[in-house]
Amino acid sequence: MSSEPATAAIVAAAGRGERLGSGAPKALRLLGGLPLLAHAVRALAAAPSVDLVVVAAPPDHVERTQALLVGHHDGAALLVVAGGDSRPASVCAALAALPTTVDVVLVHDAARPLVPVTLVESVATAVRAGARAVVPGVPVVDTVKQVQGDQVVATLDRTRLRAVQTPQGFSRAVLEQAYAGTGWSATDLTDDAGLVERIGTPVAVVPGHEEAFKVTQPVDLIVAEAVLAARGVLA
Ligand code: CTP
Ligand code: MG
């Protein structure tokens, strides 16, 4: 990396994948013969704006993660660090490893292996153009109701809702400020932009992409295999 301002992509990959079931950490589970994490790193590194990818790996598998990513980060440098015991702790560990030249940070879930390179680039570009925080969002297809116990208490206006994906993009200063306090240990925190919202920084939304979906349950892996096949990557 040169000494010019740089863009880094953090990959949160230290989760156990309990909802997916069956043993191995989710980021290391195979999709079309490659670990989910390798798919994600390939897409991030291929984005023209991304200079460095920093992976927060399962703490017991740092060396294995480093080894399996050899040859899968064309277009960007790679760092692998040990993740933490929650997603925000993993993001913190990766933030702490960033070189000083980095001024724009994307944060991505390893569990979104099929994120299109174009989406990565559109988030990075929006931050480079001046937005301090950017999330990709897609319209919600289901009707969403607020419930209490087994009773519906409200129906939300779907046209005003977005399901938010990753990568989310931030100016480094904003993301570091958001993570500087203890707010990141809140148990209701499910994304990085949520933490940035809590410090009062406006968050912009750009169009997300249906292929950036998160692999959470076994059915999502079946869908992911089908998407890969449709891309022509699998026979
Ligand atoms: N993650 C992480 N460190 C943790 C927990 C989660 O880096 N301690 C990452 C996961 O690896 C994943 C992303 O955060 O890429 C989103 O989390 P999720 O989909 O919940 O993945 P898991 O925590 O692995 O799955 P589960 O909650 O089913 O155990
Ligand atoms: Mg989880």
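The values are calculated or read from the model by the stated rules, or taken from the named source; none is laboratory data. Note that the coordinates shown come from a computational prediction; the quantities given were computed from them, not determined experimentally. Don't worry about glycine lacking a Cβ; one is built from the backbone with ideal geometry, like all the others, and counts go over all protein chains shown. Accessible surface areas use protein heavy atoms only, side chains included; no ligands, DNA or RNA. Shrake-Rupley method; radii C 1.70, N 1.55, O 1.52, S 1.80 Å.
Under 7 Å between Cβ atoms, at least 6 apart or on separate chains: pull out the pairs that start in the stretch 191-202 with a residue that is within 19 Å of A111 (Cβ to Cβ) and end on any residue that is among the β-branched types (V, I, T) and part of a loop (DSSP other than H, G, I, E, B).
Once the first residue is within 19 Å of A111 (Cβ to Cβ) and sits in the stretch 191-202, its partners that are among the β-branched types (V, I, T) and part of a loop (DSSP other than H, G, I, E, B) give A193/V203.
Within the stretch 18-41, identify whether any single residue is within 15 Å of ligand 1 (Cβ to nearest atom), farther than 26 Å from W184 by Cβ and within 14 Å of the chain's Cα centre (by Cα), and answer yes or no.
Scanning the stretch 18-41 turns up at least one residue that is within 15 Å of ligand 1 (Cβ to nearest atom), farther than 26 Å from W184 by Cβ and within 14 Å of the chain's Cα centre (by Cα).
From A13, A43, grab the single residue that is open to solvent by less than 30 Å² (accessible area, probe 1.4 Å), at pLDDT 95 or above and in contact with a Gly (Cβ under 8 Å, 6 or more places away or on another chain).
Within the list A13, A43, the selection yields A13.
Please state which one of L106, L98, L79, L69 is more than 16 Å from ligand 2 (Cβ to nearest atom) and either charged (D, E, K, R) or open to solvent by 20 Å² or more (accessible area, probe 1.4 Å) (or both).
The match here is L79.
If S49 passes every condition in (1) open to solvent by 10 Å² or more (accessible area, probe 1.4 Å); (2) at pLDDT 95 or above; (3) within 16 Å of ligand 2 (Cβ to nearest atom); (4) out of contact with any His (no Cβ under 9 Å at 6 or more places or on another chain) but one, which one does it miss?
Condition not satisfied by S49: (3).
Among the candidates A14, A43, A57, A38, single out the residue that is closer than 17 Å to K214 by Cα, within 16 Å of ligand 2 (Cβ to nearest atom) and not aromatic (F, W, Y).
Residue meeting the stated conditions: A14.
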